[in-house]
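Q: Before anything else, here's the structure in question.
The values are calculated or read from the model by the stated rules, or taken from the named source; none is laboratory data. Worth saying up front: this structure is predicted, and the values here are computed from it rather than measured. Cβ coordinates were reconstructed from backbone atoms using ideal geometry, including for glycine residues, and neighbour counts include every protein chain displayed. All accessible areas refer to the heavy atoms of the entire protein, side chains included, with ligands and DNA or RNA removed. Shrake-Rupley method; radii C 1.70, N 1.55, O 1.52, S 1.80 Å.
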Amino acid sequence: MFGYSIVQLARRHAGRLDHPLRHTLVNMYKPMTRMPCIFHRWIERWLRKWRTVSVLIEVDDDEGIEALTEAERNHFRMKTHYHFRHVPIWSATVTPAALEQLLENPKVKKVYLNRTIKAVLNNAVPSANAKHVTVNETELSGKGVTIAIVDTGIDPHPDLEGRITAFVDLVNGKTAPYDDNGHGTHCAGDAAGNGRMSDGLYAGPAYEANLVGVKVLNRSGMGTLETIMRGIEWCIDYNKKNPANPIHIISLSLGGEPQPFPAENDDPLVQVAERAWENGIVVCAAAGNEGPNYGTIASPGISDRIITVGALDDRDTASTRTDDAVAPFSSRGPTRYGVTKPDLVVPGVNIISLRAPRSFLDKMNKQSRVGDYYMSMSGTSMATPICAGIVALMLQAKPDATPDEIKQALRDSADLWKERDPNVYGAGYVNAKRAIEQLLKR
């Protein structure tokens with residue numbers, strides 16, 4: 001099999017093809033193992049010209065773009081789809097023959113498989129010391145701050161009424177807010193639900209913050225690398241068009257398995273998340289739910305710049321720390337690049353938040369419903385938007401704070417455990433009140 005041209009292609013250009021793409025190319029030959037050898041040459045010729053793969057192509061400069069144009073002109077089955085404006089990457093559908101032509105040009109820097117990415121409040125808010133936080137005798141509520149929930153969408157729940165200020169659907173192209181999965185709606189409530197339908201009991205920290213729904217995951221909670229990156233880039237572009245009412249925070253309760261790139265910033269999802277950070281948007285990302293094994297932090301949480309959030313089990317107690325522990329499922333560091341992660345831990349077990357009626361999760365988890373308007377879920381997916389809600393309180397207290405200042409204040413103010421591994425607990429257990437106090441001292 002190693003004599004086949006597509007296998008040779010994968011081996012010859014291994015440094016410029018990410019691991020999932022190399023694996024996909026080699027697996028094209030699997031059906032041939034059940035066929036007589038006499039047909040192999042004919043089948044391989046067909047594979048090279050007709051079989052397509054969805055990829056992301058990183059180019060160096062204009063010469064790389066010209067290489068894309070030329071390959072698309074020479075191979076009728078190849079098609080470019082989307083040009084990312086904040087990172088030098090194009091999405092495309094390519095054949096092995098088109099891929100081979102592209103890789104002949106040194107200005108084509110790297111090619112990635114457009115792989116799959118997936119979606120990974122009672123006592124949670126008070127236990128994070130995020131309830132009734134006051135500054136200058138004013139209770140902080142996230143008012144004037146906007147959080148983008150990049151997820152499965154947002155259902156127009158009564159607890160969010162009047163506060164979903166924008167919505168974009170990069171999956172089905174709909175214009176009105178909706179959530180056919182339910183994950184994004186729960187996350188929106190984790191961050192900014194006001195508890196209207198529970199007399200304030202199930203409220204997020206930033207209960208007056210505005211929300212922007214960015215649907216990048218489908219009904220099953222799955223998406224592609226391209227769609228997630230487009231969602232983050234959409235947030236950056238939204239701010240350029242709406243400077244008076246920008247997105248201040250991006251909450252990413254999703255992630256993919258990190259790939260063995262030579263450097264952390266070779267990961268395209270990390271690249272675009274860090275572009276958002278550099279553009280003044282605080283990015284909170286889930287650590288992942290692959291614990292208790294070490295080295296399991298998901299992408300883009302592997303970034304050394306953004307805030308990576310692990311999940312704490314607060315044992316359903318609001319005040320004591322003595323019985324709290326990191327949830328067994330919460331992913332551990334370090335990243336494969338030696339970065340200590342997560343940055344901190346936030347309550348993420350049995351979190352009661354908003355229910356999206358008739359959504360996929362609502363139908364599949366009827367036992368998790370709490371009354372007519374809420375449901376209980378666990379995961380770093382829940383911890384992340386609670387952290388985003390706390391960041392909204394911090395930005396309300398100090399609107400000109402930079403993402404780096406926010407992250408440092410969160411880490412410096414966390415409640416510590418003695419003799420605990422930072423690759424499990426990060427800097428410690430989030431303490432919203434103390435984080436705000438730290439920020440205002442800077």
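Q: For the subset of the range 198-244 comprising residues that are small (G, A, S) and assigned to a helix (DSSP H, G or I), which member is most open to solvent (accessible area, probe 1.4 Å)?
A: S198
Q: Out of the residues in the range 28-51 that are open to solvent by less than 50 Å² (accessible area, probe 1.4 Å) and at pLDDT 70 or above, state the one that is farthest from R77 (Cα to Cα).
A: Looking at the filtered set, the residue picked out is Y29.
Q: Restricting to the range 280-319, and then to whatever is out of contact with any Pro (no Cβ under 7 Å at 6 or more places or on another chain) and not in a loop (DSSP other than H, G, I, E, B), can you tell me which residue is modelled with the lowest pLDDT?
A: Among them, the one singled out is D313.
Q: While we're here: Restricting attention to the range 177-209, and to residues there that are among the aliphatic types (A, V, I, L, M) and in contact with an Asp or Glu (Cβ under 9 Å, 6 or more places away or on another chain), which single residue is farthest from V133 (Cα to Cα)?
A: M197
Q: Which condition does Q396 not pass, out of (1) in contact with a helix residue (DSSP H, G or I) (Cβ under 7 Å, 6 or more places away or on another chain); (2) outside any loop (DSSP other than H, G, I, E, B), if it passes all the others?
A: (1)
Q: Further question: If we keep just the residues of the range 279-314 that are open to solvent by 10 Å² or more (accessible area, probe 1.4 Å) and touching a Phe, Trp or Tyr at 6+ places or on another chain (Cβ under 7 Å), which is nearest to A414 (Cα to Cα)?
A: Looking at the filtered set, the residue picked out is R305.
Q: May I ask you to list the residues in the range 404-430 that are in a helix (DSSP H, G or I) and open to solvent by 10 Å² or more (accessible area, probe 1.4 Å)?
A: Within the range 404-430, D404, E405, K407, Q408, R411, D412, P422, N423, V424, Y425 qualify.
Q: Consider E63 against the criteria (1) farther than 30 Å from R434 by Cα; (2) open to solvent by less than 40 Å² (accessible area, probe 1.4 Å); (3) modelled with pLDDT under 95: it satisfies all of them except one. Which criterion is unmet?
A: With (1) farther than 30 Å from R434 by Cα; (2) open to solvent by less than 40 Å² (accessible area, probe 1.4 Å); (3) modelled with pLDDT under 95 applied to E63, the lone miss is (2).
Q: Tally time: how many residues in the range 78-94 are open to solvent by 90 Å² or more (accessible area, probe 1.4 Å) and assigned to a loop (DSSP other than H, G, I, E, B)?
A: 1
Q: A further question on this structure: Quick one: A388 ticks every box in (1) buried (at least 24 other Cβ atoms within 10 Å of the Cβ); (2) part of a loop (DSSP other than H, G, I, E, B); (3) among the hydrophobic types (A, V, I, L, M, F, W, C) except a single one, so which number is it?
A: (2)
Q: Let me ask something else about it. Looking at the structure I just gave you, is D155 of a type in the set (D, E), within 25 Å of the chain's Cα centre (by Cα) and surrounded by fewer than 22 Cβ atoms within 10 Å (Cβ to Cβ)?
A: So D155 does not fit the description; no.
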